Amino acid sequence: MDYTAQTNALRAAADKLLSEGTVDCVIGLTPNEAVGFPTPIVIRNPEDAGKLVWDENCFTNIAVYLLRTTGRRAIAAKACDVRSIINLLAENQLKRDEIYIIGMQCPGMIKDGEPAPGCDQCPSSVPGISDLTIGSDGSDTYQDEKMEPHGENVTEWMENSTDAEKKERFLKEIDKCILCFTCRQACPACYCTACFIDRKADPWRQIDADRATKIAFHLTRAMHLAGRCTDCCACEKVCASGVNLRYLYRGIIEFVSDTYGFTTGVDPDARPVMNSFTSEDSETGFLGR
Amino acid sequence: MKRIKTTKEAFNKDLAALLDKFDVFAPSTKQGKLDYLNITDPEDITWTDDLPYKSPKETVFPRVEEIMRFTKDDVVPTANVKPVLLLGAKPCDIESFDVFDGVFTSEKGLYIDPFYKERRDKMLIIGSGCAAKKPGCFCDERGYDMTFSDKCDAFVALDGDDMYIDLITDRAEGLFSGSDCPPREVNKAPETTLKIDAHENDIFTTMPWEDWAMSCIGCGTCTYVCPTCHCFDIRDADDKGEVTRCRLWDSCMYSNFTLHAGGTNPRTTQAARYRQRVMHKYVYLRDNIGITACTGCGRCIRLCPGGINIHDTVKDIMGRTGKK
């Protein structure tokens, strides 16, 4: 991989897109010394293209900024960002002709000296859809690259664990949670304008900040993300307390895959699995046969 | 100020004897990340120069605090508060209690908060210094000495297996045994170079708040890890006729912050909410209690997913208002 070549290709692409007026802004990442990893930036002038960067610490999922900006937007997106974008397209939250995807090949990112959450088990280094391709050598073709597996494989762990072990693990992780809702805010699929947990009249968030509210929040959010979670791990990457949410969401993803044979974030034209119903479904739903 | 020398082993032994009397909070990696945790065994303490990822404000200002419990007819007494011993607090975190005291207990503040005051009066703080500045830290620019603070009851320094304890207040006398040694040489505190002198009206509408808050996703991490953020909300929870009234942390970064019962919200954009955070720290509290509510610990900078930097924002404001 050659991050300098990729950065140069990205800057050239952003400069061209903004100079020619193809897009109004480019969403990408910019070096941030104080934080220690590149952080999001929205640039509107071709002169600012030099602020963009692509390196081994670009783990932040910036698809969430597509929901916070308007107009024709280009985005420097890696495979996980694109999965999120595909889900947003499928759910009619974005218009395809307004989004210009600069597909950045990504062999897996590093956070705090270790593979970023989820990166070591990423299904592909190549974005699913893109308008422009920047391979890992900076050229316009994708190379053959993948990160070595590292640490515990959550999927395998899920398969080999009993329900009691999974519950114990979930509770152990949740005990670290401080209910700041950063996971929700960083999640490109969590775009409700009014989250269930914020509705003051409801009992969710009232007492026992310890386990009860945390369980209510995390399990309800997981239910809402069934068939919508793309396993981008944005939630885990931003968690200040280091809660490993994959031990919850990997289970949801496996369940959707096993039950409906559906993988989220692959086909923008596929109907979201929880929005589709056919008379052949094993569960009859409201038809009540 | 008296200084005594002891060993880590003897210190741990003395500390173990205090566990009955106090809830001891100390930096520990017991749960993964370094954090001020309630410890039950002195061996769980992680002695390191690193800064715990979130502040120790929870020890006197819990994330959820039961302030009242009642039924239709009666008020149910709540349990007594056990005193807290905060061990290993860094100077920036010790300074933050000045802000809390100013807001919740001082006569300059409008009210004396009985729940905070009770916890704070019973609290014992034993500080420890920083040897090196971490990325994002700017306590020196805020005028604080990273090696020492005397706004606590005692201050410890670990040197190999030796432990030096500075006894600052009377309350710390007699808690730990050790032999007398020459007192510590206290550094002169650096000059405060990062502060806003301008009036609220000069910066409220004239600064590019939209640009600064552009990458904010409204997650609230900054306010949850901040040692001085203290906004709260009150909720009632009804459980079979017994109502518990709780005080919970709120965050100016949330979209429902200052949401009125009628449905309007004076702060409609994330930029307005970010402005509130900066102004509250550097302008409003400066005017109300005479303290700028930022200790320069850098936590909000290091943990912000959007890379927002309050230090750079304030520097920018200083430049734009002509005060370098």
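Odds and ends about this structure:
- Summarised in one figure, the compactness ratio Rg/Rh of the protein assembly as shown, Cα atoms and Kirkwood Rh, is 0.98.
- Cβ-Cβ FRET estimate between B:Lys72 and B:Arg235, R0 fixed at 25 Å, reported to 0.05: 0.85
- With the simple model of a label 7 Å out from the Cα in the direction of the Cβ, B:His260 to A:Thr4 spans 5.8 nm.
- Radius, Kirkwood style, for chain A when every pair of distinct Cα atoms is counted (Å): 20.1
- Rounded to the nearest 5, the antiparallel percentage of DSSP beta bridges internal to the protein assembly as shown is 65%.
- For B:Pro190, the shell of other residues with beta-carbons less than 9 Å away shows a net charge of -2, using +1 for Lys and Arg and -1 for Asp and Glu.
- Length added when fully stretched, A:Asp258-A:Thr22, from 0.36 nm per residue minus Cα-Cα: 80.8 nm
- Neighbourhood net charge (14 Å Cβ-Cβ; Lys/Arg +1, Asp/Glu -1) for A:Asp137: -4
- Relative frequency of Cα-Cα separations exceeding 18 Å in region A:3-134, percent: 50
- Computed from the C-beta positions of B:Ala132 and B:Asp20 and an R0 of 25 Å, the FRET efficiency is 0.10 to the nearest 0.05.
- Straight Cα distances below 12 angstrom link B:Lys134 to the aspartates and glutamates A:Glu33, B:Asp49, B:Asp50, with same-chain residues fewer than 8 positions distant left out.
- For B:Ser149, A:Ser161, order by how many other beta-carbon atoms lie within 10 Å, fewest first: A:Ser161, B:Ser149
- With bins 5 Å wide beginning at 0, the percent of Cα pairs of region B:2-181 falling in each bin runs 1, 7, 15, 20, 20, 15, 10, 6, 3, 2, 1, 0, 0.
- Sorted fewest first by neighbouring Cβ atoms within 10 angstrom, A:Met1, B:Met1 come out as B:Met1, A:Met1.
- Legend: ranking of residues A:Phe262, B:Phe61 from fewest to most surrounding C-beta atoms inside 10 Å; resulting order A:Phe262, B:Phe61.
- FRET efficiency for the A:Glu168 to B:Ile4 pair, using the beta carbon distance and R₀ = 25 Å, is estimated at 0.05.
- Near-label residues of region A:111-132 by backbone N, under 19 Å of a point 7 Å along Cα→Cβ of A:Asn153: A:115-125
- Cross-link pairs B:Lys33/B:Lys117; A:Lys237/B:Lys30; A:Lys51/B:Lys133; A:Lys78/A:Lys237; B:Lys13/B:Lys117 - those with Cα-Cα distance over 18 Å: B:Lys33/B:Lys117; A:Lys237/B:Lys30; A:Lys51/B:Lys133; B:Lys13/B:Lys117
- Net charge over other residues, Cβ less than 13 angstrom from the Cβ of B:Ala154 (K, R count +1; D, E count -1): -1
- Most mobile of B:Asp73, B:Asp50, B:Asp35 in a GNM of chain B (Cα contacts under 10 Å): B:Asp73
- In the elastic network of chain B, a GNM with C-alpha springs shorter than 10 Å, the most mobile of B:Thr59, B:Thr193, B:Thr228 is B:Thr193.
- Out of every Cα-Cα pair that region B:13-87 contains, those further apart than 20 angstrom amount to 42 percent.
- Placing pseudo-labels 7 Å out from each Cα toward the beta carbon at A:Tyr191 and B:Asp162 gives an inter-label distance of 6.3 nm.
- For region A:154-275, taking the reciprocal of the average inverse distance between every pair of different Cα atoms yields a Kirkwood hydrodynamic radius of 15.3 Å.
- Per-selection metrics, region A:221-289 (Cα): Rg and Dmax in Å: 14.3, 48
- Using only the C-alpha atoms, the convex hull of chain B corresponds to 160 Å³ per residue.
- For B:Val24, the residues 5 or more places off, or on other chains, whose built amide H falls under 5 Å of its own are B:Ile39, B:Leu85.
- DSSP beta bridge pairing in region A:72-141, given as percent antiparallel to the nearest 5: 20
- Candidates B:Ala261, B:Ala89, B:Ala213: whichever shows maximal mean-square fluctuation once chain B is modelled as a Gaussian network with Cα springs under 10 Å: B:Ala261
- A:Asp175 versus A:Met223: modelled label distance in nm, points set 7 Å from Cα along the beta carbon direction: 2.6
Bear in mind these aren't lab numbers, they're just calculated from the coordinates by the rules spelled out. A quick note: this is a predicted structure, and the numbers were derived from the prediction, not measured. Cβ: placed from backbone, ideal geometry, glycine included. Neighbour counts: every protein chain shown.
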